[in-house]
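Participant: Pasting a structure here, questions to come.
The values are calculated or read from the model by the stated rules, or taken from the named source; none is laboratory data. Model, not experiment: these values are computed from the prediction. Cβ placement follows ideal geometry from the backbone for every residue including glycine, while neighbour counts extend to all protein chains displayed. Quick note on the areas: whole protein, heavy atoms, side chains included, nothing else; ligands and nucleic acids left out. Shrake-Rupley method; radii C 1.70, N 1.55, O 1.52, S 1.80 Å.
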Amino acid sequence: MVLAKTKKSSIISGFKEHDKDTGSAKVQIALLTERINVLTDHFKSHKKDHSSRHGLLILVGKRRRLLDYLKRSDTNSYSDVIKKLDLRK
């Protein structure tokens, strides 16, 4: 479940802080959210795919830890990311 190159570059351009930014917390959270959304749609038609469900839970945990880090370090960008990605919090 790899994101397409064009989709990934559009997500990075929407959340980057400077020109060469590809790994900041905001970009990672946005990419993880897109992968989580794709996997969630996958499970609507493949209910018994438990190995991918395990991977989904790992991705959700990673995103949660990154969101906690962003909340501790920069609350303004945390609230911006939550609003842009339409996450509950």
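Participant: Give me the pairs: first residue in the stretch 1-25 and under 21 Å from Lys71 (Cα atoms), second residue in a loop (DSSP other than H, G, I, E, B) and among the small types (Gly, Ala, Ser), beta-carbon distance under 9 Å, and six or more apart or on different chains, which are they?
Facilitator: So the pair list comes out as Phe15/Ser24; Lys16/Ser24; Glu17/Ser24; His18/Ser24.
Participant: Please list, ordered by first then second residue, the pairs with beta carbon atoms under 6 Å, 6 or more apart or interchain, first in the stretch 65-82 and without any contact (Cβ under 8 Å) to a residue 60 or more places away in the chain and more than 9 Å from Lys26 (Cα to Cα), second among the basic types (Lys, Arg) and surrounded by fewer than 17 Cβ atoms within 10 Å (Cβ to Cβ).
Facilitator: Between residues of the stretch 65-82 that are without any contact (Cβ under 8 Å) to a residue 60 or more places away in the chain and more than 9 Å from Lys26 (Cα to Cα) and residues that are among the basic types (Lys, Arg) and surrounded by fewer than 17 Cβ atoms within 10 Å (Cβ to Cβ), the close pairs are Ile82/Lys89.
Participant: Condition first: surrounded by 11 or more Cβ atoms within 10 Å (Cβ to Cβ) and within 25 Å of Ser52 (Cβ to Cβ). Now tell me which residues in the stretch 2-14 satisfy that.
Facilitator: Of everything in the stretch 2-14, those that are surrounded by 11 or more Cβ atoms within 10 Å (Cβ to Cβ) and within 25 Å of Ser52 (Cβ to Cβ) turn out to be Leu3, Lys7, Lys8, Ser9, Ser10, Ile11, Ile12.
Participant: Only one of Asp68, Asp21 is surrounded by 11 or more Cβ atoms within 10 Å (Cβ to Cβ) and farther than 24 Å from Ser10 by Cα. Can you tell me which?
Facilitator: Exactly one of Asp68, Asp21 is surrounded by 11 or more Cβ atoms within 10 Å (Cβ to Cβ) and farther than 24 Å from Ser10 by Cα, namely Asp68.
Participant: The conditions are (1) out of contact with any Lys or Arg (no Cβ under 8 Å at 6 or more places or on another chain); (2) assigned to a helix (DSSP H, G or I); (3) within 20 Å of Lys7 (Cα to Cα), and Gly23 fails exactly one of them. Which is it?
Facilitator: Here Gly23 clears every test but (2).
Participant: If Arg35 satisfies all but one of (1) open to solvent by less than 90 Å² (accessible area, probe 1.4 Å); (2) in contact (Cβ under 8 Å) with a residue 24 or more places away in the chain; (3) not small (Gly, Ala, Ser), what's the number of the condition it fails?
Facilitator: Evaluating Arg35 over (1) open to solvent by less than 90 Å² (accessible area, probe 1.4 Å); (2) in contact (Cβ under 8 Å) with a residue 24 or more places away in the chain; (3) not small (Gly, Ala, Ser) leaves (1) as the failure.
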